[in-house]
Amino acid sequence: MSRGSALTPRWRVGYTVQKRLARALTHMALLAMVAVLFVPAAWMISTSLKAPQEVYLFPPKWVPSSLRWENYYHALTIQPFHIYLLNSFLIAATGTLGRVLSSSLVAFSFARLRWKGRDILFLVMLSTLMLPSQVTLIPQFILFKELGWLNTFRPLIVPMFFGGPFFIFMLRQFYMTIPSELDDAARIDGCSSFEVYWRIIVPQSGPALATVAVLVFQGRWNDFFDPLIYLHERMKLTASVGLLYFRNEFGGAHWPQLMAASFVCMVPLIVLFFSAQRYFLQGIVFTGVKG
Amino acid sequence: MDNKRLTRRRFIAIGLLPSFGALVAACAPRVVERVVRETVVLEGTAQVVEKVVTATPPPARPAVNVTLTISGTQDQAKNYLRALEIFNAGHPGVNADLEHVPSAEYGATMQTRLAAGTAADVFQMEAGMWINYEGKGVALSLEPFIASTPGFDKADFFDVPREFFTYQGELYGLPAYGGPLVTYYNTEAFEEVGLDPLPTDVAQADDWNWDALIAAAGKLTKREGDLVTRWGWVAPHEEWFIYIYSGGARLLNEDATRCLLDSEEAIAALQWMHDAIYKHKVAPAKTMVTQRAWNLFPAGRVGVMIDRRWVSSSYVRQGLPRNWRLAPLPKGPGGRRSTTSSWAFSVYAKTKSPDEAWILASWLAGTEGILTLGIEGVPQRKSITMTQTFLADTNSPEENRIFVDQMADAVFQPAKTPKWNQLLQEAFNPELDRLWADKATAREVALAMTKKANEILAS
Amino acid sequence: MSTVRRLAWRVTRWRPALRTSGRENIEGWLFASPWILGFAFFTAGPMVAAMFLGFAEYDLITPPKWIGSANYARLLRDPLLVSSLKVTSIYAFVRVPLVLLLSMVVATLLNTKLRGLRVYRTMFYLPSILPAAAVSMLWLLVFDHDYGFINSFLRQLGLNGCNWLGDTRYALPSLIVMSLWGFGGSMIIYLAGMQSIPTEYYEAAEVDGAGPIQRWWYITWPLMTPILFYNLVMGLIGSLQVFTEGRIITNGGPENATLFFVLYLYRNAFEYFKLGYAAALSWVLFLYVLILTLLVFRSSSAWVYYTSELKR
């Protein structure tokens, strides 16, 4: 059922026909779902290699008549896309670092410490998510303007170091699944709150922190509206904004180039997710924590 | 500690700011004459002399930076970068820089920046923005600049866009690009079903009328069983206004305070559109909102479509095979009337260098600027549309002339009311959806649209 | 203040801290200080401004004009407020349970030892990271009436497809189905939760002779309830603010069938230039979401199981 199974010989003994059948069925169910889920992405890749007039052919053509790899070249060179990718990476990576660090600290406070005002502040924190951002957009923009932060990465990075309600709440939930006996034992041994956080909570939360990191990075990477309004200079833009340029004011676009650039933008996220799974699999080794 | 207190005080100030931010943003139009102190040498001694300077900046000053914000694709940005290089080389006193916003988000981005009082010196003023900003001190009146620029002829702009950007007799934006609608038709499909090519000369196109459109579309519509593989005509849905006008009716009254869609002519026009879908079955019931005709047209899935000039530029730029030609709009009972829209270069009211901003704006909207930027849509100066460069661009000269001819009595869209978008989204679109879905008659829809529109206009 | 606190405790079933040691108090505030400072600097000001704007007439350029409660009075006789709130609620109440169920099932399947597991997980996660600029076109191609993949597929089965996005009956369900593609986000949160369950639990259950279903029901399910609770609350908050799909794919149509509340709010703010009214609308949504969230919190003690009870 979980990663420990391979270490336990008993599981191998119980490898029966029934289990094989169950496994085959699971594979089939998953493959069927993957087939459905993959349709948009597959169409995106197929479109990225087409000539423009092939995009809307009927019946739809899955394999282009000739593979036009030059779409990728044109899509990436018509604008300084390498700089955009670099900017995106800078913003997303520092933002992720800040968000994971700060959110995990705050979540620890909400999950594990008792202090006056905690419950009210927790509600206040959740309620900040409930006001549509469209109405706070202009006041927020004026605020960053007064700070002199327009046309810099600061509005996109600095707030990340002050925790994100979405992730604080998530980590709080994770921390609350960690038995509190562990902290109590540690405290009896004379650990301070920070040591409890650092020695007990953090090591137990590998999968959760990795998930938060993946989700934050993805969110920052794909977000186009904040970079769009806060960054004005052409060389400071991000890849997510770069994608928007393929569409014209009438809703048309150079579809093959747009899809090519979109695919390139997805690759770092796919690589990140694929490699972050190592940390998902790390799981918890209960006995490793000495109470 | 000291630092902390400072941030707090600052924070309080910021907290209050949003409510007053717009106060700062409102700003009276600037007078163009400026008093400049100049050090001159008079008989051997340096003296400070105050003098009034108008539009032309004094020479031999370090170049003044001005920023330009436009929207568009990267192709357009490249053209602008090239144009600004030429501009900067020819104007040593000015150094122009480009900011470039993707079209889909241009409105919200500019509204945010204007609300916060921090826009570029020169920016692209879209018609849809101007309906709200007119008379609110966002842009400088260009009249003083025009007065001090020898040879500047306001009458060179087409009347319709010029009047749109004029407020209380003063021009606030130099119309750059825009344009009316024409007929696009697929020549291969026309040959396939044995239709003659359409006329290109508006004066000789009397036979290309509504009935002819329906007849041609009937021949062009191709079916495989229940499935339509090519529609004769894609849809009145996208530009239904032109059929109201070509049908001899009007959308709103002159000062955009009342909706006139309840006229018999308007009802007849709506009925005609409905018939194309449900009686003659030559157009689809409702196309997807963004999967518009110009996407389907190059793939040969549409015989005739009605669209603007940028579509042809876009097709040519993408290297699509030219299996299509242009023709005037089909003539309706009330004539051959198109709608047109355009956008202009405006000078931001809070610019620190109005004179240099004007030099940039007038250069960009002038002949040299437009010809360097490339011809997108229809340039809004009559003189440019008569040049060989325009006539030879993208289409044949005869085809390009259609755009100019259709410009003559085109109706500017949007109408000049801040309620325009609300009219579209709340009074017109939902009701028209009922017409396209055959849920209501043309008369019911026309009356419902008029009633809702008048409520919105009266509120 | 104390009424608010009492309310907070009543709905969340948290009891007041009876004894809080001075030190833990200080530590609590210190650990939470990043968010508290961030809230004070970056969030509180704009929220207060939005509160003021609700009482003002503001066209984004002339200074806001105080008009008292006129915006709120208008809310009461705005038919589009009612219809958009209804559309949004249907979207949220149908979508959220479906996403929760789907992502839980898939996460369970992916939490086994399977060949190619990492690839599977990546494939399931993939649709949720498609860039926004590309997706609208992809979805139009999937749902198109004449040429879309869905209808082409149905035609091969001899069925007549529907005009998915052009018909008032199917437009909203189509958008819900579309959104299900992106369940990968909540799926990986479940996966992280399942990976955090100590293997000893399962091994002990195995020793006691529990089958896979029993192990899931007695171990996985209770330990996953805090995560489920999180996905439920966040799903509700997010779904009730749905906006982009309605704007890009259907533009609120046909006949306002997909006019979501935030789309209506956005139109008021940036298309009709009535930011004051948009602010008033935003507080309606705020209250609605707040009440729903509090109800979920209140119910949580009945079904959410925490290994470590929150200290009181």
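The values are calculated or read from the model by the stated rules, or taken from the named source; none is laboratory data. None of these values were measured; they are calculated from a predicted model. Cβ sites come from the backbone with ideal geometry, for glycine too, and all protein chains shown count toward neighbours. Please note that ligands, DNA and RNA were not included when accessible areas were found on the heavy atoms of the full protein model with its side chains. Shrake-Rupley method; radii C 1.70, N 1.55, O 1.52, S 1.80 Å.
The lone criterion from (1) closer than 19 Å to residue B:338 by Cβ; (2) outside the structural domain of residue B:382 (by TED's automatic domain parsing) left unmet by residue B:187 is number (1).
Determine whether the stretch B:94-103 contains at least one residue that is in a helix (DSSP H, G or I) and either within 13 Å of chain A (Cβ to nearest Cβ) or over 20 Å from residue B:161 (Cβ atoms) (or both). Checked against the condition, which is being in a helix (DSSP H, G or I) and either within 13 Å of chain A (Cβ to nearest Cβ) or over 20 Å from residue B:161 (Cβ atoms) (or both), the stretch B:94-103 yields at least one hit. Being modelled with pLDDT under 95 and either outside the structural domain of residue B:346 (by TED's automatic domain parsing) or under 25 Å from residue B:328 (Cβ atoms) (or both): is that true of residue B:153 here? Taking the combined requirement at face value, the residue does not satisfy it. Write out, first by first residue and then by second, each pair whose Cβ atoms fall under 7 Å of each other, whose residues are 6+ apart or on separate chains, and whose first residue, in the stretch A:150-175, is more than 8 Å from chain C (Cβ to nearest Cβ) and β-branched (Val, Ile, Thr) while the second is open to solvent by 20 Å² or more (accessible area, probe 1.4 Å) and in a loop (DSSP other than H, G, I, E, B). Matching pairs, first to second residue: none at all.
For the stretch C:191-227, a residue qualifies if it is of a type in the set (D, E, K, R) and either at the interface with chain A (Cβ under 9 Å from one of its Cβ atoms) or closer than 19 Å to residue C:121 by Cβ (or both), and the qualifying residues are C:200, C:203, C:206, C:215. Taken over the stretch A:222-239, the criterion of being open to solvent by 10 Å² or more (accessible area, probe 1.4 Å), at the interface with chain C (Cβ under 10 Å from one of its Cβ atoms) and either assigned to a helix (DSSP H, G or I) or of a type in the set (Val, Ile, Thr) (or both) is satisfied by A:222, A:225.
One residue stands out among those in the stretch B:244-267 that are farther than 17 Å from residue B:423 by Cα and among the aliphatic types (A, V, I, L, M): the one that is surrounded by the most Cβ atoms within 10 Å (Cβ to Cβ), which is B:249.
Taking residue A:103, is it modelled with pLDDT of 90 or more, more than 14 Å from chain B (Cβ to nearest Cβ), out of contact with any helix residue (DSSP H, G or I) (no Cβ under 6 Å at 6 or more places or on another chain) and farther than 29 Å from residue A:234 by Cβ? Quick ask: steps written out before the conclusion?
Values: modelled with pLDDT of 90 or more: yes; more than 14 Å from chain B (Cβ to nearest Cβ): yes; out of contact with any helix residue (DSSP H, G or I) (no Cβ under 6 Å at 6 or more places or on another chain): no; farther than 29 Å from residue A:234 by Cβ: yes.
It is false that residue A:103 is modelled with pLDDT of 90 or more, more than 14 Å from chain B (Cβ to nearest Cβ), out of contact with any helix residue (DSSP H, G or I) (no Cβ under 6 Å at 6 or more places or on another chain) and farther than 29 Å from residue A:234 by Cβ.
Tell me whether the stretch C:141-150 contains one or more residues that are open to solvent by 20 Å² or more (accessible area, probe 1.4 Å) and in a loop (DSSP other than H, G, I, E, B). Yes: the stretch C:141-150 contains one or more residues that are open to solvent by 20 Å² or more (accessible area, probe 1.4 Å) and in a loop (DSSP other than H, G, I, E, B). Scan the stretch C:100-127 for residues that are of a type in the set (A, V, I, L, M, F, W, C), within 15 Å of residue C:193 (Cα to Cα), facing chain A (nearest Cβ under 9 Å) and in contact (Cβ under 8 Å) with a residue 40 or more places away in the chain and report the count. Here the count works out to 2. Taken over the stretch A:216-238, the residue count meeting the criterion of being more than 16 Å from the chain's Cα centre (by Cα) and in contact (Cβ under 8 Å) with a residue 60 or more places away in the chain is 12.
Filtering the stretch C:162-198 down to residues that are hydrophobic (A, V, I, L, M, F, W, C) and open to solvent by 20 Å² or more (accessible area, probe 1.4 Å), which residue is modelled with the lowest pLDDT? Here the residue is C:162. Please work out if residue B:196 is over 22 Å from residue B:302 (Cα atoms) and part of a loop (DSSP other than H, G, I, E, B). Answer is no for this residue. Each residue in the stretch C:232-290 was checked for being of a type in the set (Val, Ile, Thr), surrounded by fewer than 24 Cβ atoms within 10 Å (Cβ to Cβ), more than 8 Å from every other protein chain (Cβ to nearest Cβ) and over 16 Å from the mean Cα position of the chain (by Cα), and 1 pass.
Scanning the stretch C:66-89 for residues that are among the polar types (S, T, N, Q), open to solvent by less than 30 Å² (accessible area, probe 1.4 Å), under 30 Å from residue C:193 (Cα atoms) and assigned to a loop (DSSP other than H, G, I, E, B) turns up nothing.
Scanning the stretch B:402-442 for residues that are touching a residue at least 24 places away in the same chain (Cβ under 8 Å), in a helix (DSSP H, G or I) and within 14 Å of chain C (Cβ to nearest Cβ) returns B:420, B:421, B:422, B:423, B:426, B:427, B:428, B:432, B:433, B:435, B:436.
Quick one: in the stretch A:248-277, which of the residues that are in contact (Cβ under 8 Å) with a residue 24 or more places away in the chain and either over 19 Å from the mean Cα position of the chain (by Cα) or within 10 Å of chain B (Cβ to nearest Cβ) (or both) is nearest to residue A:218 (Cα to Cα)? Once the filter is applied, the top-ranked residue is A:261. Report, by residue number, each residue of the stretch A:13-39 that is over 30 Å from residue C:150 (Cβ atoms) and either modelled with pLDDT of 50 or more or surrounded by 12 or more Cβ atoms within 10 Å (Cβ to Cβ) (or both). Within the stretch A:13-39, A:14, A:15, A:16, A:17, A:18, A:19, A:20, A:21, A:22, A:23 qualify.
Screening the stretch C:34-65 for residues that are open to solvent by 40 Å² or more (accessible area, probe 1.4 Å), more than 8 Å from every other protein chain (Cβ to nearest Cβ) and outside any helix (DSSP H, G or I) and picking the one that is nearest to residue A:103 (Cα to Cα) gives C:55.
If you go through the stretch B:311-358 and keep only what is in a helix (DSSP H, G or I) and open to solvent by less than 30 Å² (accessible area, probe 1.4 Å), you end up with B:311, B:312, B:313, B:314, B:315, B:354, B:355, B:356, B:357, B:358.
So if I check each of B:194, B:225, B:218, which one is open to solvent by 30 Å² or more (accessible area, probe 1.4 Å) and touching a His at 6+ places or on another chain (Cβ under 7 Å)?
Details: B:194 fails: touching a His at 6+ places or on another chain (Cβ under 7 Å); B:225 fails: touching a His at 6+ places or on another chain (Cβ under 7 Å).
So the residue among B:194, B:225, B:218 that is open to solvent by 30 Å² or more (accessible area, probe 1.4 Å) and touching a His at 6+ places or on another chain (Cβ under 7 Å) is B:218.
Within the stretch A:74-84, one or more residues are within 13 Å of chain C (Cβ to nearest Cβ) and of a type in the set (Gly, Ala, Ser).
Scanning the stretch A:53-77 for residues that are open to solvent by less than 20 Å² (accessible area, probe 1.4 Å) and either assigned to a loop (DSSP other than H, G, I, E, B) or under 24 Å from residue B:186 (Cα atoms) (or both) yields A:54, A:55, A:56, A:64. Only residues that are within 11 Å of chain A (Cβ to nearest Cβ) and closer than 30 Å to residue C:251 by Cα were counted across the stretch C:169-190, and they come to 10. Residue A:206 satisfies every condition listed in (1) over 22 Å from the mean Cα position of the chain (by Cα); (2) surrounded by fewer than 22 Cβ atoms within 10 Å (Cβ to Cβ); (3) not charged (D, E, K, R) except (1).
To keep it simple, each residue is scored yes or no on (1) within 14 Å of chain A (Cβ to nearest Cβ); (2) touching a strand residue (DSSP E or B) at 6+ places or on another chain (Cβ under 6 Å); (3) in contact (Cβ under 8 Å) with a residue 60 or more places away in the chain; (4) more than 27 Å from residue B:390 (Cα to Cα).
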{"residue": "B:242", "(1), (2), (3), (4)": "no, yes, yes, no"}
{"residue": "B:261", "(1), (2), (3), (4)": "no, no, yes, yes"}
{"residue": "B:264", "(1), (2), (3), (4)": "no, no, no, yes"}
{"residue": "B:268", "(1), (2), (3), (4)": "no, no, yes, yes"}
{"residue": "B:322", "(1), (2), (3), (4)": "yes, no, no, no"}
